[in-house]
1. Name the residues in region B:87-110 that are of a type in the set (A, V, I, L, M) and facing another protein chain (nearest Cβ under 8 Å), would you?
2. For region B:128-144, enumerate the residues that are open to solvent by 10 Å² or more (accessible area, probe 1.4 Å) and over 25 Å from the mean Cα position of the chain (by Cα).
3. So for region A:278-295 (the condition being in contact with a strand residue (DSSP E or B) (Cβ under 7 Å, 6 or more places away or on another chain), under 30 Å from A:V182 (Cβ atoms), open to solvent by 40 Å² or more (accessible area, probe 1.4 Å) and of a type outside the set (G, A, S)), does at least one residue qualify?
4. Select, from A:E206, A:E221, A:E241, the only residue that is open to solvent by 60 Å² or more (accessible area, probe 1.4 Å) and either at pLDDT 90 or above or not in a loop (DSSP other than H, G, I, E, B) (or both).
5. Out of the residues in region B:31-83 that are part of a loop (DSSP other than H, G, I, E, B) and within 7 Å of chain A (Cβ to nearest Cβ), which is modelled with the lowest pLDDT?
6. Looking only at helices (runs of 4 or more DSSP H) that fall completely inside region A:314-376, which ones have 2 or more residues that are of a type in the set (K, R)?
7. Got at least one residue in region A:313-336 being open to solvent by 40 Å² or more (accessible area, probe 1.4 Å) and β-branched (V, I, T)?
8. Can you name the number of the only condition in (1) loosely packed, with under 12 Cβ neighbours inside 10 Å; (2) modelled with pLDDT of 95 or more that B:A310 fails?
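The values are calculated or read from the model by the stated rules, or taken from the named source; none is laboratory data. None of the values given here were measured: they were computed from a predicted structure. Here the Cβ is made from the backbone with ideal geometry for all residues, glycine too, and neighbour counts use every protein chain on show. Accessible surface is based on the protein model in full, side chains and every heavy atom, while ligands, DNA and RNA are left aside. Shrake-Rupley method; radii C 1.70, N 1.55, O 1.52, S 1.80 Å.
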Number of protein chains: 2
Amino acid sequence: MSRLVMKFGGTSVADLERIRRVARLVAAEVESGKQVAVVVSAMAGKTNELVAWTDGAGAAAQGIPESDDEYDVVVASGEQVTAGLLSMTLRNMGLRARSWLGWQIPIITDEAHGKARIDEIPPEKLAAALDGGEVAVIAGFQGVDRQGRIATLGRGGSDTSAVAIAAALEAACDIYTDVDGVYTTDPRIEAKARRLAKISYEEMLEMASLGAKVLQTRSVELAMAYKVPVRVLSSFVEPGEATGAGTIVCDEEEIVEKRIVSGVAYSRDEAKISLFGLPDHPGVSKEIFGRLADANVNVDMIVQSHARTADTANMEFTVGKRDAARAVEIVRAAQQEIGFDDVHVDEEVAKVSVIGVGMRSHAGVAKTMFGALAEKGVNIQVISTSEIKISVLIDAAYTELAVRALHAAYGLDQL
Amino acid sequence: MSRLVMKFGGTSVADLERIRRVARLVAAEVESGKQVAVVVSAMAGKTNELVAWTDGAGAAAQGIPESDDEYDVVVASGEQVTAGLLSMTLRNMGLRARSWLGWQIPIITDEAHGKARIDEIPPEKLAAALDGGEVAVIAGFQGVDRQGRIATLGRGGSDTSAVAIAAALEAACDIYTDVDGVYTTDPRIEAKARRLAKISYEEMLEMASLGAKVLQTRSVELAMAYKVPVRVLSSFVEPGEATGAGTIVCDEEEIVEKRIVSGVAYSRDEAKISLFGLPDHPGVSKEIFGRLADANVNVDMIVQSHARTADTANMEFTVGKRDAARAVEIVRAAQQEIGFDDVHVDEEVAKVSVIGVGMRSHAGVAKTMFGALAEKGVNIQVISTSEIKISVLIDAAYTELAVRALHAAYGLDQL
């Protein structure tokens, strides 16, 4: 008998009416003959309320480290509530169901409270419940560490819970969300954006890390590692109509109709930092990026340019906008050791990327990209590439223009 | 080193400001050299919110039995939140603390979900934490059954949690609440009511079961069984001023200054049911009360009277107001078998009681009671007595008058 993990986020379980809707979607899958485990988030808004309380309780702190283990105790309660309510609702519809909390399964995590990683999910108890004909309603986002304390997986962690449980149960995983799939680009920018029937794990990973917030990055990594077939679909689909809906995230080999470029993504979350007048000798990069790494500042794109006449270089790199001020502080504090003349921050930048596994075997992808942008007069500030992605940093004012130009240039409006 | 369990109810932890106040009270006890465990309720209003959701989820039910195990999963989350927040707050004040949920200690209960009873509390883990200098912050109201499922103890169950934990840890138990102790009667009715410095378990038990809602009845039974010294005091006492405050509930032998009557209690929660024209032969009581017991209707006071001339009897008994309609339905349905002419319900009744361990050795207590009531023209409808209590059922309109008359008659305003 085939097994299915269904995951519903906070907006899908925001109130009792929506929980009943979710219960009907679950019932339809049970009726179709599947064994079903359901992973739920906290009701929309509840996690924020709980987090605000922990902030308040921590606000009395005077330089004392955060109590992340107690934060987890408080915040994990939100998913517990939803799991109980959905289980009651399913029973009232005549199904057999019970709730499972992280410590009951158990979902064993490391001790990095507030952002724990799942170490292990022994599948025996859940599998026995499913084999016994019971729907397992699982509180997402939470597990238990080896000390027996509650641990949460960080924001968006319910996606990761769902995929990890699907891996443990050798099940497929349907992620119900407020969009009906993965699109070739953001439909709010390009009305011609199309839903993809399938996308590879690698492409989804690039999309997710670029700010297409359909799936949490770690859940995609996990799905790829354990080859869990994941489907993204809307929780507003009618019961019984889920078949064929949404976007399937799967192995590259399972995608028959290969595309060179699958999507155009963008992010306005980065800032560009420029250092001018650096000494042109080995070790400068280490001086800069070693200091940033020590301070936990993630650097994304980097480009170094040499002045033609002088013996100095310039360095440009991007960091998350919220880290920008701190990054500048760190390099300024080490101006002597690094040796530069001036530092400049530009927050008015956007990163636009084209993504596609077809790039591996097709030349000319970059050429098409640069040509399309040049034609629209979009200046490229920084370029970075991976095996299946080309990203460019541009003036943020050109974001929509660039996205639309690239979407057309790769024929994505004619899938 | 002496151990203390401190219990705080929902109004005492209603918001972060009050939780900080609780933390200061805890800190004062720790500074005085005690090992401290704290038992907390859900923040005021939270349990009602959670219960309303479970009602909503169950509202879809069509004659399907309630999911009390899932009710417990939902409702127990309230105490979990408070335990985490208080633990964070204590740490931020520089104390070592951690939260404990029912399943972590564990507090092992039976499987009567929604109104579970505590079977066992292995003290080892908590004792080790206390011996290690940590404040144990315990979620009240909850435990775990032997199947590993969360169970709650029923409304007011946090008192029971606190006393049970005190018994397990061989600790004293301070119950912080919104009144500053146990009074000779309700101060809202009699301004001359006085706070008792001490009261015996037996007297407190009668008070509690009569509707003086200071302590949950089961918590008093438990305290009596395990000889846990319990103190009731206000959570608005200033830190460091708790010594000597409140009312101590203890063994009768520890009360030096014995009183004949300790308090006057009343309850308006009962209804009187009268059956007229019953056949006067053995087995009639069994017919009536057997049926009510089968339907889980608790009967309190009972009086049977014989008509002087006829061969019939009348029966009067009291049940909780919310059970009254059902009780009438049950006896009506069996009118043939029981054999009575008519049934009548009176909800305008009140039960007034005088309570005191001194009654055991003093005659004349009843005489004083009946005399005082007669003097005010209060008619007594039903009388019931126990070793340390005399209760009378009267017209509800006379409640305040009767309470004040009795309070004066036993000299309780001159303690």
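1. Initially, region B:87-110 is screened for residues of a type in the set (A, V, I, L, M), giving B:88, B:90, B:93, B:95, B:97, B:101, B:105, B:107-108.
If the condition is that a residue be of a type in the set (A, V, I, L, M) and facing another protein chain (nearest Cβ under 8 Å), then B:M88, B:M93, B:L101 are the ones that fit.
2. Residues satisfying the conditions are B:A128, B:A129, B:D131, B:G132, B:G133, B:E134.
3. No, because not a single residue in region A:278-295 is in contact with a strand residue (DSSP E or B) (Cβ under 7 Å, 6 or more places away or on another chain), under 30 Å from A:V182 (Cβ atoms), open to solvent by 40 Å² or more (accessible area, probe 1.4 Å) and of a type outside the set (G, A, S).
4. Working: A:E206 fails: open to solvent by 60 Å² or more (accessible area, probe 1.4 Å); A:E241 fails: either at pLDDT 90 or above or not in a loop (DSSP other than H, G, I, E, B) (or both).
A:E221 is the lone residue from the list that is open to solvent by 60 Å² or more (accessible area, probe 1.4 Å) and either at pLDDT 90 or above or not in a loop (DSSP other than H, G, I, E, B) (or both).
5. At the first step, the residues of region B:31-83 found to be part of a loop (DSSP other than H, G, I, E, B) are B:32-34, B:41-45, B:59-67, B:76.
If we keep only those that are within 7 Å of chain A (Cβ to nearest Cβ) as well, we get B:60-61, B:64, B:67.
Numbers: B:A60: 47, B:A61: 48, B:I64: 43, B:S67: 63.
So the residue we want is B:I64.
6. Those helices (runs of 4 or more DSSP H) span A:324-333.
7. Taking region A:313-336 and keeping what is open to solvent by 40 Å² or more (accessible area, probe 1.4 Å), we get A:314, A:316, A:321-322, A:325-326, A:329, A:332-333, A:335-336.
Adding the requirement that they be β-branched (V, I, T) leaves none.
No, region A:313-336 has no match at all.
8. (2)
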